Structure formats: C-alpha cells, structure tokens
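Heads up: the structure comes next, in structure tokens.
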Amino acid sequence: MDCVFCGIAAGKIPSKKVYEDETLLAFHDINPEAPVHVLVIPKQHISSLDAVTPENSGFVRAIFEKIPEIARLAGLENGYRVVSNCGPDAAQSVPHLHFHILGGKQLPAHIV
Ligand code: 5GP
Ligand code: ZN
C-alpha cells in the first residue's frame, strides 16, 4: 500500500477515528497544528482537489454534508476552519484528497 490514507481508509494503518461511514473517514491528524486537528478523506483514492470531476464530486459533497457533524463530534462548538492543500505551492504532502478541520482555539484571521 503506497498511499498512506488509502491504508488508513482500509484499516491497515491505525488512526484515531472521529467518524466513519461507507464513503468517508474522519480521523485525528498525527501531527496536530491546533488543539483540534481532524482530517476528512474519501475512502476512494482521489489525489487532490485537482482530480475532482463530475464523476467523483459526490465524495466531496458527502464530506461537506458531514463536516458539521464531524466538527461537533470532535468537540468544536465555537467555530472551525476547513483547509485543503492542493499541489506543491500549497505544500500538499499526502497525495490523497483530504480536508483539514482546525479549531479549539482562536485561529489567526489570515492563513497566508
Ligand atoms: P497536507 O500537508 O497534505 O495538507 O496534510 C497531510 C496531513 O496528514 C499532515 O497534517 C500530516 O500530519 C498528516 N498525516 C500524515 N501521515 C499521517 C498518518 O499516518 N496518520 C495521521 N493521522 N495523519 C497523518
Ligand atoms: Zn489514497
């Protein structure tokens, strides 16, 4: 398995799960950058936002429909930020589409 997030989605690599259903998985980031730092991934391999198409965009829709519940499950009751890094200029380090949910403190107003 050369995609770490496919490995996590398949249960072959352990993760601290927040939410899971047949299409998506939310788990705590191994190297959190905020008091709460959760990653949400489609179980199907999509390499980044650049690879979203009309055929697979249902996974993105499913993720965004679930983010409010995932945020609540993670204890975020005063807001949160959602980020997806796409490609080298954004420093994407895992080439499997994922959305960071960040919160648990007052975040800076700007992210760059
Ligand atoms: P990116 O830099 O691609 O936007 O975000 C990748 C994120 O995945 C990073 O925040 C990194 O800490 C996290 N990450 C990388 N490998 C693992 C892992 O094996 N388990 C978990 N839980 N998070 C990981
Ligand atoms: Zn993958």
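Annotations for the structure displayed:
- Of residues in segment 80-95 being touching a strand residue (DSSP E or B) at 6+ places or on another chain (Cβ under 6 Å) and not charged (D, E, K, R), the one surrounded by the fewest Cβ atoms within 10 Å (Cβ to Cβ): Val83
- Which listed residue, of Pro95, Pro108, is within 16 Å of ligand 2 (Cβ to nearest atom) and modelled with pLDDT of 95 or more: Pro95
- From Asp2, Asp50, residue being of a type outside the set (Val, Ile, Thr) and assigned to a helix (DSSP H, G or I): Asp50
- Filter result (within 12 Å of the chain's Cα centre (by Cα) and more than 14 Å from Val38 (Cα to Cα)) within segment 96-112: His96
- Verdict on Asp50 being more than 11 Å from ligand 1 (Cβ to nearest atom) and in contact with a Cys (Cβ under 8 Å, 6 or more places away or on another chain): yes
- Residue check: Cys86 meets all listed conditions (1) in contact (Cβ under 8 Å) with a residue 60 or more places away in the chain; (2) within 16 Å of ligand 2 (Cβ to nearest atom) but one, namely (1).
The values are calculated or read from the model by the stated rules, or taken from the named source; none is laboratory data. None of the values given here were measured: they were computed from a predicted structure. Quick reminder, even Gly has a Cβ in these numbers, built from the backbone with ideal geometry, and neighbours come from all protein chains shown.
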